[in-house]
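Structure first, commentary second.
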Amino acid sequence: MAMEAAEIERLIKEGLPGASVEIRDLAGDGNHYAATVIDESFRGKSRVQQHQMVYATLKGQMGGVLHALALQTNVPD
């Protein structure tokens with residue numbers, strides 16, 4: 001069972017209100033996505049901490065319904 005890009009975006013924006021989120025389906029199979037997430041709450045956090053924050057918004061879907069998510073995170077300019 002695949003996860004829709006819109007659902008990934010919704011979950012991330014729900015968990016990180018105000019974040020800029022861009023989702024790309026890498027393989028066209030609904031299982032391999034890339035996400036760029038830009039949010040002020042990442043400021044002062046390590047890259048690992050930023051990614052953990054994004055994964056937490058996905059409510060346990062990583063490794064299950066959502067097979068792979070390549071992440072790029074950053075703070076706004």
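The values are calculated or read from the model by the stated rules, or taken from the named source; none is laboratory data. Bear in mind that the values here come from a model prediction, so they are computed numbers and not experimental data. Positions of Cβ are backbone-derived with ideal geometry, glycine not excepted, and every protein chain shown enters the neighbour counts. To get the accessible areas, we keep the full protein, side chains included, count just its heavy atoms, and leave off ligands, DNA and RNA. Shrake-Rupley method; radii C 1.70, N 1.55, O 1.52, S 1.80 Å.
Dipole size of the chain about its Cα centre, with +1 on Lys/Arg Cβ and -1 on Asp/Glu Cβ: approximately 300 debye, rounded to the nearest 20.
Sparse packing (at most 11 other Cβ atoms within 10 Å of the Cβ) combined with a DSSP loop state is found for the following trypsin sites (Lys or Arg not before Pro) in segment 30-77: R43, K59.
Counting only protein heavy atoms and a 1.4 Å probe, the chain has 58 square angstrom of accessible area per residue. Across the accessible surface of the chain, with the other protein chains kept in place and a 1.4 Å probe, carbon and sulfur atoms take up 52 percent.
Counting only alpha carbon atoms, the long axis of helix 5-15 and the longest principal axis of the chain meet at about 30°. To the nearest 10 degrees, how steep is helix 47-57 against the longest Cα principal axis of the chain, on a 0 to 90 scale? Between the helix axis and the principal axis of the chain, the angle is about 50 degrees.
Starting from the Kirkwood Rh over alpha-carbon pairs, what translational D in µm² s⁻¹ does the chain have by Stokes-Einstein at 10 °C and 1.306 mPa s? In µm²/s, the coefficient is 129. Stretching the chain fully between H32 and M62 yields a gain of 9.7 nm (0.36 nm per residue, less the alpha carbon separation).
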